[in-house]
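Single-structure report; data block below.
Any read-out appearing in this document is the output of simple, stated calculations on the displayed coordinates, not a laboratory observation. Computed from a predicted model, the values in this text were never measured in an experiment. Please note: Cβ atoms are built from the backbone with ideal geometry, for glycine as well, and neighbour counts cover all protein chains shown.
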Amino acid sequence: MKIKTKKQNADGLVRLETSGELKEVLINEDFLHPNDASVALCFKGKDSSGIIELTTKELEIINKEIAPKLHLLKNIKILKFEK
């Protein structure tokens, strides 16, 4: 997983790139407020770690964008060559 973000601070625009492995997926449910449910993607890399929280609406948007293109990811073979 690669993460790229940028943030405005007093010095100007700061860009941050990090990478890591997805370690855990947490589903946060609230029985009293079901519209406030969210999904947390927990990742950890060599020098970084973090949590990405997505609302159910954001997940629906991602699913809507990816579902029609999912057939393109099937039947992919990775070939490794030695030099």
Check: For residues in region 52-62 being part of a strand (DSSP E or B) and aliphatic (A, V, I, L, M), which is nearest to K2 (Cα to Cα)?
Finding: I52
Notebook entry, point to check: Has region 29-51 got any residue that is within 16 Å of M1 (Cα to Cα) and touching a helix residue (DSSP H, G or I) at 6+ places or on another chain (Cβ under 8 Å)?
Noted result: no
